[in-house]
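The values are calculated or read from the model by the stated rules, or taken from the named source; none is laboratory data. Since the model is a prediction, treat every value here as computed from it, not as a measurement. Counting neighbours? That spans all protein chains shown, and the Cβs are built from the backbone with ideal geometry, glycine included. These area figures cover heavy atoms from the full protein model, side chains too; ligands, DNA and RNA do not enter into them. Shrake-Rupley method; radii C 1.70, N 1.55, O 1.52, S 1.80 Å.
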Amino acid sequence: MAREQLSAMTESFHWNEFADREALAEALAGRIAGLLSAAVERRGTALLAVSGGTTPARLFEVLSNQPIAWDRVTVTLVDERFVPPSSPRSNAALVTAKLLQGRAAAARFLPLFRRGETLDEAAADGDREIAALPLPFDVVILGMGGDGHTASFFPDALELPALLDPENSLALMPVHADSAGEPRLTLTLPRIVAAGFLALHIEGDEKRATFDKAMSNGATGKGPQLPIHAVLDASPRPVEVYWAP
């Protein structure tokens, strides 16, 4: 495994840069495994929330083979498109195919989409289930889109002010945004930033440029604040940013 390099540090994030995506996946999977194992040792259970999209597939494959007491781990999603698991756009389908395999097949999975329910009904039921977990999450892994959204905090989301409200008592909310492609469900900002370990996993030059723009806009006040900056700004501890070209 290539050596992890800490190439930048700010008050809101630590920058962890890798030579390639394989090295990133190995390093981040190892970090997650250690944190989940420590949580199981400490309180008998562990909570992991992951993101979907194309970026985390290799990470999930590496993580699935980590020697963790997976039967003590609950896995859920940071956000989900409101589509059934048969859809190629389903985050639950990705997690099932790539993460909940091998050793990790023993984990408990809490999906967000619910067949036969409306978006609002699924949000309400999911909120109750997540609130009943022994929160906070031990590990939350975020992704980021080219527009600077993370979770389903889209810049044009009708619910964005509530999603980013640090006083929001809800764990899960519905999201309506034209740019999202379909309605979604997402964890709210307070539940995300309360995690014991919060990481942002991004890859490629385009995502790095988007991240740099978000940080620049937030620092200078020139240009709109992108949602990813709002999350980093709200986190009580530096977010670990993992990037590879």
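Computed quantities for the displayed model
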read-out	value
Where a residue in the range 166-180 is of a type in the set (S, T, N, Q) and its partner, wherever it lies, is surrounded by fewer than 20 Cβ atoms within 10 Å (Cβ to Cβ) and not in a loop (DSSP other than H, G, I, E, B), with Cβ under 7 Å and at least six apart	Asn168/Ala162; Asn168/Pro190
Of the criteria (1) of a type in the set (Ser, Thr, Tyr); (2) open to solvent by 50 Å² or more (accessible area, probe 1.4 Å); (3) outside any loop (DSSP other than H, G, I, E, B), which one Ser169 fails	(3)
Exclusive hit being touching a strand residue (DSSP E or B) at 6+ places or on another chain (Cβ under 6 Å) and either over 17 Å from Val40 (Cβ atoms) or not β-branched (Val, Ile, Thr) (or both), set Leu158, Leu99, Leu119, Leu77	Leu119
Extreme residue, surrounded by the fewest Cβ atoms within 10 Å (Cβ to Cβ), among residues of the range 1-30 that are modelled with pLDDT under 95 and in contact with a helix residue (DSSP H, G or I) (Cβ under 7 Å, 6 or more places away or on another chain)	Met1
Those residues of the range 182-211 which are open to solvent by less than 50 Å² (accessible area, probe 1.4 Å), outside any loop (DSSP other than H, G, I, E, B) and of a type in the set (Gly, Ala, Ser), in sequence order	Ala199
Residue that is least open to solvent (accessible area, probe 1.4 Å), among those in the range 43-83 that are in a helix (DSSP H, G or I) and touching a residue at least 60 places away in the same chain (Cβ under 8 Å)	Leu59
Residue match in the range 147-156 (condition: polar (S, T, N, Q) and either more than 15 Å from the chain's Cα centre (by Cα) or over 18 Å from Ala92 (Cα atoms) (or both))	no
Glu159 vs. criteria in contact with a His (Cβ under 9 Å, 6 or more places away or on another chain), open to solvent by 20 Å² or more (accessible area, probe 1.4 Å) and over 26 Å from Ala33 (Cβ atoms)	yes
Test set (1) among the aliphatic types (A, V, I, L, M); (2) part of a helix (DSSP H, G or I); (3) under 22 Å from Asn91 (Cβ atoms) - Ala214 fails condition number	(3)
